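The next block holds one structure in the form of structure tokens; read it before the comments.
The values are calculated or read from the model by the stated rules, or taken from the named source; none is laboratory data. No experiment lies behind these values; they were computed from the predicted model shown. Neighbour counts run over all protein chains shown; Cβ positions are idealised from the backbone, glycine included. Surface accessibility is based on the protein's heavy atoms, side chains included, excluding ligands, DNA and RNA. Shrake-Rupley method; radii C 1.70, N 1.55, O 1.52, S 1.80 Å.
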Amino acid sequence: MSTQVPGNPEDFPNDGLESLVADWASDQKTFKNVSWGKAMMWIFLLSDTFIFTSFLTGYMTVRMSTTVPWPNSSEVFALTIAGNHIPLLLIAIMTFILISSSGTMAMAVKFGYEKNRKVCGILMLITAAFGASFVGMQIFEWTKLIVEEGVRPWGNPMGAAQFGSTFFMITGFHGVHVSIGVIFLVIVAVKVLRGSIELGRPGFLTGRKGNYGMVETMGLYWHFVDLVWVFIFAFFYLW
Amino acid sequence: MTGVAHDETAYAPPSEVPEEELYHPKTFIGKYIWSQDAKVIAIQYSLTAIGIGIVALVLSGIMRLQLGFPDTFSFIDPSAYLQYVTMHGMIMVVYLLTALFLGGFGNYLIPLMCGARDMVFPYLNMLSYWVYLLAVLILVASFFVPGGTTGSGWTLYPPQSILQGTPGSNWGIILMLVSLAFFIIGFTMGGLNYIVTVLQARARGMTLMRLPLTVWGIFMATILALLAFPALFVSAIMMLLDHTLGTSFFMPAIMSMGEQLDYEGGSPVLFQHLFWFFGHPEVYIVALPAFGIVSDLISIHARKNIFGYRMMVWAIIAIGALSFVVWAHHMYVSGMNPLFGFFFATTTLIIAIPTALKVYNWVLTLWRGNIRLTVPMLFAIGFVFTFINGGLTGLFLGNVVVDVPLSDTYFVVAHFHMVMAVSPVLVIFGAIYHWYPKITGRMLNDTLGKFHFWATFLGTYAIYYPMHYLGFLGVPRRYYAMGNTDFIPESAQAVNASITIAALFVGVIQLVFFYNLIVSYFRGKASGGNPWEATTLEWQTPDTPPKHGNFGAELPIVYRWAYDYSVPGADLDYIPQNQPPKQTSQRDEDAQ
């Protein structure tokens, strides 16, 4: 053990379980070709997964422990348009928009790595616009629930008080994630469009140079926020 | 290095990690206040944690005064007593031990031991400290708000923690929860740094299985923290909403002071599950760094390689994984389904296997070692004793039928203070005596250190051994006064008085330690770069204390594991990790 030589990476197989073992047994980097920022984002998202899991577990527990019937969510979240009563219409649109924004984000990452800064930046701004419209619709949804349906965090006319409390808490926490994402998307998009990455201009806060890996790191976060929404959608609106 | 025929760099693969962009400030404020150097951040973390820890130590002294000499001190009333209990527990567990092990030792040792210039995200690392400081300040502020701090016990169980009648149920609990949320945010920033640095920024030749066990312990503890703190964060937010907006997450329909409250349909047991899903891994967040550090202390000061290095690593990983499936053993009397008790008792006893394995390996490392009874070694051996004691009572409490009668007695207090308070604190002292020469360039005074060790070690036994007995008598914990209770004999009071005297003695003795820390900083004997003749990279830096960037112009290249002590045929009884293979002995070099 004492003076073993860590193997030459070229001797190791490039795929399968053996390459996994080789990576974990190697020196310097466990995840080869993964930048520090990307590794950090993955680990952060793992931690954030536990936050949302705890929220959703809490929601399911109180839904089971409450003694009052749960409101029918497809009725509560219905819109009446031109006389037609359509359940879950707004949520369907919101979900569609958020998932589309994942598409534009993925394209931004691709153009980023091709160093096409104009297209990359514009796609990021489109992603941010999708995200902002999602938050806007969420504000509309909250307003409608609070003003028209009379739902409050501590109670509502339709049934269990926990309906309002879990709804505002979980969608609110998700909405904060989307909003933070929008802010950072705009910041990174401006950085890309100004050419700060090519010029190697130091960042405003950290004083360090950026690179197009930032776009991908940003994208990881954005896809995660989308994925979480799918779970919230399934557990909250469809159950 | 001249005269070596082989190309030494051929033994390490080419560099994959890019040279880190370091920001070298020129001003005093940039260097020591808004510092992005992990070593300065580590010292900031440590001083803040020790500062708030002294507050918690004083609180425990006041509690002991009340218990040992009831009806003597008029300034301690029942609600103040409960507030001291709460703040003592919370500060010690979260703000002292977690912050000191991970923020303090983690920041100082991870980059140095991995052979990195700094943490991978120095700016985030700096923010981590300042958010932690904010959390501490919010916590301190709760002493001064109307109603004082919360007095609901460190577990903050609802409903009582937010109902009228519990001390600090207005401002105290709100500030407590906000402070915890900030602590978690700050910790997450630091924790991401520690993990990515270990995984992605090691030196050339430094494989995971060549890392010192200190890094392994801190690394695994950080993973636990990043996965466990979310549950606490969520329960803090939910309880804040219950308190401020009147939601009913944790609050069932409830009568308080003869009035029906607006709460309805919540689940108090949900809080306990969320809290202990955090709370049990938290035990190992504190214990794993202690395990790692003590492994290195024992190996270095016994001049012997650690026994079963791979086993030790896998035991750390196994303990970490198992710690997530044992949480409800804190809840045997909560009214949950008894079948859960069976499951959680089984997992709890399984976790004793890797833990016992580590203890055997420490003992086997000592066996026939060339033991140097330095102060760090004394503390390390003291830890092994104390940890065995605390671990054995853990077997009692892990079994449902034994736990139920012992729940909420002084037996529980004795158990977790042995295993989670005294043990890690002994390691912290040992680690400070061990690494102080690297941090300051001066040795701590040996005589004072030995006095500090024996007084602390024997003193803590005088405190906690009798508590086991009190627990068997059925003396309940968290009580302000026992009053006239039939099943508690008169003599229990005498035991309590003696415990108090021992506790005050141990508390005051710590002044010797602080005196030693301060005086040795100015007058201590110069230590040189490697006073303990250790192999790990932090002792091989060109400067002591290491400068920003740690390793001078060239990063070290690692050729061997961290435990090459007393290798047969080598000139010295230790071979640094960065010493090339052909140079282990002068004779080899001459032959070429």
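Of all the numbered requirements in (1) open to solvent by 40 Å² or more (accessible area, probe 1.4 Å); (2) β-branched (V, I, T); (3) under 22 Å from B:V234 (Cα atoms), A:T166 misses one, and that requirement is (1). Return yes when A:S165 is over 22 Å from A:E75 (Cβ atoms) and part of a helix (DSSP H, G or I) and no when it is not. For A:S165, the condition - over 22 Å from A:E75 (Cβ atoms) and part of a helix (DSSP H, G or I) - is not met.
In this entry, B:V413 passes the filter for residues that are among the β-branched types (V, I, T) and more than 30 Å from B:D543 (Cβ to Cβ). For region A:222-239, the set of residues classified as open to solvent by less than 20 Å² (accessible area, probe 1.4 Å), under 17 Å from A:V176 (Cβ atoms) and not acidic (D, E) consists of A:W222, A:V225, A:V228, A:W229, A:I232, A:F236, listed by residue number.
Among the residues of region B:313-348, write down those that are touching a Ser or Thr at 6+ places or on another chain (Cβ under 6 Å) and part of a helix (DSSP H, G or I). Working first, answer last.
Restricting attention to region B:313-348, the residues satisfying the condition of being touching a Ser or Thr at 6+ places or on another chain (Cβ under 6 Å) are B:325-326, B:329, B:333.
Across region B:313-348, the qualifying residues are B:V325, B:H329.
I need a count of the residues in region B:497-542 that are out of contact with any strand residue (DSSP E or B) (no Cβ under 8 Å at 6 or more places or on another chain), of a type in the set (S, T, Y) and open to solvent by 30 Å² or more (accessible area, probe 1.4 Å). Residues in region B:497-542 being out of contact with any strand residue (DSSP E or B) (no Cβ under 8 Å at 6 or more places or on another chain), of a type in the set (S, T, Y) and open to solvent by 30 Å² or more (accessible area, probe 1.4 Å): 2 in total. Listed by first and then second residue, the pairs linking a residue in region B:478-506 that is charged (D, E, K, R) to a residue that is surrounded by 15 or more Cβ atoms within 10 Å (Cβ to Cβ) and modelled with pLDDT of 90 or more, with Cβ atoms under 7 Å apart and 6 or more places separating them unless they lie on different chains, are B:R478/B:V85; B:R478/B:G153. Within region B:553-569, the only residue that satisfies the criterion of being more than 9 Å from every other protein chain (Cβ to nearest Cβ), of a type in the set (S, T, Y) and more than 30 Å from the chain's Cα centre (by Cα) is B:S566. Is one or more of the residues making up region B:140-163 within 14 Å of chain A (Cβ to nearest Cβ), crowded, with 22+ Cβ neighbours inside 10 Å and of a type outside the set (V, I, T)? Within region B:140-163, one or more residues are within 14 Å of chain A (Cβ to nearest Cβ), crowded, with 22+ Cβ neighbours inside 10 Å and of a type outside the set (V, I, T).
Scanning region B:333-351 for residues that are closer than 20 Å to B:V419 by Cα and open to solvent by less than 30 Å² (accessible area, probe 1.4 Å) turns up B:F344, B:A345, B:T347, B:T348, B:I351.
Pairs please, first residue from region B:232-248 and more than 9 Å from chain A (Cβ to nearest Cβ), second anywhere and crowded, with 24+ Cβ neighbours inside 10 Å and not in a helix (DSSP H, G or I), Cβ atoms under 7 Å, 6+ apart in sequence or on different chains. Here the result reads B:M239/B:P158; B:M239/B:F250, each pair linking region B:232-248 to a residue that is crowded, with 24+ Cβ neighbours inside 10 Å and not in a helix (DSSP H, G or I).
Between B:N496, B:N550, which is within 30 Å of the chain's Cα centre (by Cα), away from chain A (no Cβ under 14 Å) and not in a loop (DSSP other than H, G, I, E, B)? Give the derivation first.
Values: B:N550 fails: not in a loop (DSSP other than H, G, I, E, B).
Being within 30 Å of the chain's Cα centre (by Cα), away from chain A (no Cβ under 14 Å) and not in a loop (DSSP other than H, G, I, E, B) holds for just one of B:N496, B:N550, which is B:N496.
Any idea which of B:M220, B:M239, B:M206 is surrounded by 24 or more Cβ atoms within 10 Å (Cβ to Cβ) and within 21 Å of the chain's Cα centre (by Cα)? Show your work before the answer.
On the way: B:M239 fails: within 21 Å of the chain's Cα centre (by Cα); B:M206 fails: within 21 Å of the chain's Cα centre (by Cα).
Being surrounded by 24 or more Cβ atoms within 10 Å (Cβ to Cβ) and within 21 Å of the chain's Cα centre (by Cα) holds for just one of B:M220, B:M239, B:M206, which is B:M220.
Taking region B:249-262 as the search range and keeping residues that are part of a loop (DSSP other than H, G, I, E, B) and more than 7 Å from every other protein chain (Cβ to nearest Cβ), which one is surrounded by the fewest Cβ atoms within 10 Å (Cβ to Cβ)? Checked region B:249-262; the qualifying residue surrounded by the fewest Cβ atoms within 10 Å (Cβ to Cβ) is B:G258. The single condition from (1) at the interface with chain B (Cβ under 10 Å from one of its Cβ atoms); (2) over 30 Å from A:R208 (Cα atoms); (3) surrounded by fewer than 18 Cβ atoms within 10 Å (Cβ to Cβ) that A:F52 fails is (3).
Could you tell me how many of the residues in region B:354-382 are among the basic types (K, R) and either within 24 Å of B:D446 (Cα to Cα) or surrounded by 14 or more Cβ atoms within 10 Å (Cβ to Cβ) (or both)? Can you show your working first?
Restricting attention to region B:354-382, the residues satisfying the condition of being among the basic types (K, R) are B:358, B:368, B:372.
Subset that is either within 24 Å of B:D446 (Cα to Cα) or surrounded by 14 or more Cβ atoms within 10 Å (Cβ to Cβ) (or both): B:358, B:372.
So the answer is 2.
Just checking, does region A:146-158 include any residue being open to solvent by 10 Å² or more (accessible area, probe 1.4 Å), touching a residue at least 24 places away in the same chain (Cβ under 8 Å) and within 12 Å of another protein chain (Cβ to nearest Cβ)? Within region A:146-158, one or more residues are open to solvent by 10 Å² or more (accessible area, probe 1.4 Å), touching a residue at least 24 places away in the same chain (Cβ under 8 Å) and within 12 Å of another protein chain (Cβ to nearest Cβ).
Scanning region B:385-403 for residues that are of a type in the set (V, I, T), closer than 14 Å to B:Y461 by Cβ and surrounded by fewer than 20 Cβ atoms within 10 Å (Cβ to Cβ) yields one hit, B:I388. With respect to B:L288, is the statement that it is open to solvent by less than 30 Å² (accessible area, probe 1.4 Å) and within 11 Å of chain A (Cβ to nearest Cβ) true? Considered against the rule, which asks whether it is open to solvent by less than 30 Å² (accessible area, probe 1.4 Å) and within 11 Å of chain A (Cβ to nearest Cβ), B:L288 comes out as no.
Kindly indicate the residue of region A:73-102 that is in a loop (DSSP other than H, G, I, E, B) and touching a residue at least 24 places away in the same chain (Cβ under 8 Å) and also surrounded by the most Cβ atoms within 10 Å (Cβ to Cβ) among those meeting that condition. Give the derivation first.
So the first thing to find is which residues in region A:73-102 are in a loop (DSSP other than H, G, I, E, B), and the list is A:77, A:82-83, A:88.
Going one step further and asking which of them are touching a residue at least 24 places away in the same chain (Cβ under 8 Å), we end up with A:77, A:88.
Working: A:F77: 21, A:L88: 19.
Among residues in region A:73-102 that are in a loop (DSSP other than H, G, I, E, B) and touching a residue at least 24 places away in the same chain (Cβ under 8 Å), the one surrounded by the most Cβ atoms within 10 Å (Cβ to Cβ) is A:F77.
Going by the conditions given, is B:V215 in a helix (DSSP H, G or I), β-branched (V, I, T) and facing chain A (nearest Cβ under 8 Å)? So B:V215 fails the test.
Within region B:56-73, being free of Cβ contacts under 8 Å to residues at least 60 places away in the same chain and crowded, with 20+ Cβ neighbours inside 10 Å holds for B:L59, B:M63. When region B:177-203 is filtered for residues that are among the polar types (S, T, N, Q), open to solvent by less than 10 Å² (accessible area, probe 1.4 Å) and within 9 Å of chain A (Cβ to nearest Cβ), the ones remaining, listed by number, are B:N193, B:T197, B:Q200.
Within region B:74-92, take every residue that is open to solvent by less than 20 Å² (accessible area, probe 1.4 Å) and within 25 Å of the chain's Cα centre (by Cα) and give me the one that is farthest from B:W154 (Cα to Cα). Across region B:74-92, the extreme among qualifying residues is B:I91. Scanning region B:437-453 for residues that are surrounded by fewer than 22 Cβ atoms within 10 Å (Cβ to Cβ) and touching a residue at least 40 places away in the same chain (Cβ under 8 Å) yields B:I439, B:T440, B:G441, B:R442, B:M443, B:N445, B:D446, B:L448, B:K450, B:F451.
If you go through region B:263-270 one residue at a time, do you hit one that is at the interface with chain A (Cβ under 10 Å from one of its Cβ atoms), of a type in the set (F, W, Y) and touching a Gly at 6+ places or on another chain (Cβ under 6 Å)? The answer is no; no qualifying residue exists.
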